[in-house]
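Colleague: For reference, the structure I am asking about is given below.
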Amino acid sequence: MDIKPKITPIYQTSVFKFDDLNELEQYFGEPGSRYLYSRNGNPNSDELAAAVNKLEGGAGAVATGSGMAAIFAAILAYCQAGDHVLCAADIYGGSSALLNAELSRMGIAVSYVPFEQLYDLAALVRPTTRLLLAETISNPLLRVADLRRLAEECHLQGLKLVVDNTFATPVLTRPLELGADITLHSVTKYIAGHSDVTAGAVVAAAPEVAARLRQIGVFYGLTLSPMESWLAVRGLKTLRIRMREHSHNALAVAGFLARHPRVRQVNYPGLADHPQHALAAAQGQGQFGGMMSFLLADETTVVNDFMQRSQRFPFAPSLAGVDSSLSYPLGTSHRSLTPEQQQALGITVGLVRLSVGIEPLDELLADLEQALA
Ligand SMILES: *Cc1c(COP(=O)(O)O)cnc(C)c1O
């Protein structure tokens, strides 16, 4: 029987069979012709990597077990013991924890770059500095980096630019086209999009860097399992239309919050008063994504009241699912920063982060209205 599934089946196998030594030689002699062992490559993880690579316009990609694994792989692709990296101060808490607590033990040093200083790196660059890690749209304050300018400055200083594109997705922004050397994702978020899989992906502009990323994935065991890959591929198919709905709903929610008397500030790049609004519009194809944060009174009881009353925004410290949720940066993603760092970044008691889903907009607005009342 000639079975022709329309969708790639789940190759839930850790290993593949060879008939004889000729097939083994074919595996090594013709890369991509056969599979050997799923940590080295599997049809499902390759399908995910190829799909993300295509969306990002890369020369090759690796699907990883998480977004953290993608960040780790990207840094290892360029750095070894004795090297130094620059990291945007506005960064996912896990990224700074990885750099501070783990990569430092491997002899890779880090300095943080305040947002205002991102395009003027000369004073921070050492002979051993290899790269800058930054996010297209930062978490949780939604600051938008000018990636073209950033890539120019990095290359002028002899650095590689590594961009965490999780919040923007390639639907809004394609960092490699703007000059970045590597772009990466927590696939857990928008790429998979349904809060049911933990995965990552890392994409290189140059083929030799993509090959190095694959090697790192295999040797450190960072690669993704077949089932998770399959789920992420399924989610990815609707990314473009999900982003449209996320962006549409979030713009309306941000406008509603900005007019609400209980809300002191709204951080959303789609609002005209956002400091990088024009850049975000140009760099995001007119869409601004589904993430925002806003400031209530700096009192724990006010935040707790809001969390307890909201029905459509459950407190679940992740983001980017089709169902809305909220998170609390001070207590979760940015918990490990010092109080001074938290204060400097504006991560205070009253700061709440919303991940606006694709539910009917009137239901989301009605829920926020009653939760803030
Ligand atoms: C969630 C997240 C990560 C980490 O991804 P995991 O899949 O949780 O390992 C990295 N960067 C950003 C911006 C994130 O939101």
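The values are calculated or read from the model by the stated rules, or taken from the named source; none is laboratory data. Nothing here was measured: the structure is a model prediction, and the numbers come from that model. Methodologically, a virtual Cβ is constructed for each residue, glycine included, from the backbone with ideal geometry; neighbour enumeration extends over all protein chains shown. Side chains are part of the model used for accessible areas, which takes the heavy atoms of the whole protein and leaves out ligands, DNA and RNA. Shrake-Rupley method; radii C 1.70, N 1.55, O 1.52, S 1.80 Å.
Colleague: Give just the number: which of (1) more than 26 Å from the chain's Cα centre (by Cα); (2) open to solvent by less than 20 Å² (accessible area, probe 1.4 Å) does Pro261 not satisfy?
Modeller: Evaluating Pro261 over (1) more than 26 Å from the chain's Cα centre (by Cα); (2) open to solvent by less than 20 Å² (accessible area, probe 1.4 Å) leaves (2) as the failure.
A quick yes/no check of all residues on (1) more than 16 Å from the ligand (Cβ to nearest atom); (2) not in a loop (DSSP other than H, G, I, E, B):
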site: Phe28; (1), (2): yes, yes
site: Tyr35; (1), (2): yes, no
site: Ser45; (1), (2): no, yes
site: Ala49; (1), (2): no, yes
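Colleague: Another question, if that's okay. Restricting the range 183-200 to residues that are over 22 Å from Met292 (Cβ atoms) and within 10 Å of the ligand (Cβ to nearest atom), which is surrounded by the most Cβ atoms within 10 Å (Cβ to Cβ)?
Modeller: Leu184
Colleague: Pull out all pairs, ordered by first then second residue, where Cβ-Cβ is under 6 Å, the residues are six or more apart or on different chains, the first lies in the range 32-51 and is farther than 16 Å from Met227 by Cβ, and the second is open to solvent by 70 Å² or more (accessible area, probe 1.4 Å).
Modeller: As it stands, the answer is Tyr37/Val15, since those pairs meet every condition given.
For (1) part of a helix (DSSP H, G or I); (2) open to solvent by less than 60 Å² (accessible area, probe 1.4 Å); (3) within 16 Å of the ligand (Cβ to nearest atom), each residue gets a yes or a no:
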residue: Val303; (1), (2), (3): yes, yes, no
residue: Phe306; (1), (2), (3): yes, yes, no
residue: Ala320; (1), (2), (3): no, yes, yes
residue: Leu326; (1), (2), (3): no, yes, yes
residue: Glu340; (1), (2), (3): yes, no, no
residue: Leu354; (1), (2), (3): no, yes, yes
residue: Leu364; (1), (2), (3): yes, yes, no
residue: Gln370; (1), (2), (3): yes, no, no
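Colleague: Scan the range 123-132 residue by residue and report those that are part of a helix (DSSP H, G or I) and without any contact (Cβ under 8 Å) to a residue 24 or more places away in the chain.
Modeller: We begin by selecting, within the range 123-132, every residue part of a helix (DSSP H, G or I); these are 123-124.
The answer is Ala123, and nothing else.
Colleague: Considering only the range 75-97, state which residues are aliphatic (A, V, I, L, M), modelled with pLDDT of 95 or more and closer than 23 Å to Gly217 by Cβ.
Modeller: Here is the first cut: in the range 75-97, the residues aliphatic (A, V, I, L, M) are 75-77, 81, 85-86, 88-89, 91, 97.
Among the residues that remain, those that are also modelled with pLDDT of 95 or more are: 75-77, 81, 85-86, 88.
If the condition is that a residue be aliphatic (A, V, I, L, M), modelled with pLDDT of 95 or more and closer than 23 Å to Gly217 by Cβ, then Ile75, Leu76, Ala77, Ala81, Val85 are the ones that fit.
Colleague: Go through (1) out of contact with any helix residue (DSSP H, G or I) (no Cβ under 8 Å at 6 or more places or on another chain); (2) under 28 Å from Gly346 (Cα atoms); (3) assigned by the TED database to the domain that holds Ala49 and name the single condition Gln265 misses.
Modeller: Failing condition for Gln265: (3).
Colleague: Just to be sure before I move on: is Phe72 surrounded by fewer than 21 Cβ atoms within 10 Å (Cβ to Cβ) and assigned by the TED database to the domain that holds Ser38 in the structure I sent? Working first, answer last.
Modeller: Numbers: surrounded by fewer than 21 Cβ atoms within 10 Å (Cβ to Cβ): no; assigned by the TED database to the domain that holds Ser38: yes.
Considered against the rule, which asks whether it is surrounded by fewer than 21 Cβ atoms within 10 Å (Cβ to Cβ) and assigned by the TED database to the domain that holds Ser38, Phe72 comes out as no.
Colleague: Continuing with the same structure: Within the range 137-182, count every residue that is within 16 Å of the ligand (Cβ to nearest atom), open to solvent by 10 Å² or more (accessible area, probe 1.4 Å) and free of Cβ contacts under 8 Å to residues at least 40 places away in the same chain.
Modeller: 0
Colleague: Ok, one more. Name the residue, out of Asp90, Asp120, that is in the same structural domain as Gly41 (by the TED database) and either assigned to a helix (DSSP H, G or I) or away from the ligand (no atom under 16 Å from the Cβ) (or both).
Modeller: On the way: Asp90 fails: either assigned to a helix (DSSP H, G or I) or away from the ligand (no atom under 16 Å from the Cβ) (or both).
Being in the same structural domain as Gly41 (by the TED database) and either assigned to a helix (DSSP H, G or I) or away from the ligand (no atom under 16 Å from the Cβ) (or both) holds for just one of Asp90, Asp120, which is Asp120.
Colleague: Which residue out of Ile75, Ile71 is out of contact with any helix residue (DSSP H, G or I) (no Cβ under 6 Å at 6 or more places or on another chain), within 26 Å of Asp164 (Cβ to Cβ) and either part of a helix (DSSP H, G or I) or within 16 Å of the ligand (Cβ to nearest atom) (or both)? Talk me through it step by step, then tell me what you get.
Modeller: On the way: Ile71 fails: out of contact with any helix residue (DSSP H, G or I) (no Cβ under 6 Å at 6 or more places or on another chain).
Just one listed residue meets the conditions, Ile75.
Colleague: Please indicate, with yes or no, whether at least one residue in the range 84-99 is open to solvent by 60 Å² or more (accessible area, probe 1.4 Å) and small (Gly, Ala, Ser). It would help to see each step written out before you state the result.
Modeller: Just the residues of the range 84-99 that are open to solvent by 60 Å² or more (accessible area, probe 1.4 Å), to begin with: 92.
After this cut, where a residue has to be small (Gly, Ala, Ser) as well, the list is none.
No, there is no match, as no residue in the range 84-99 is open to solvent by 60 Å² or more (accessible area, probe 1.4 Å) and small (Gly, Ala, Ser).
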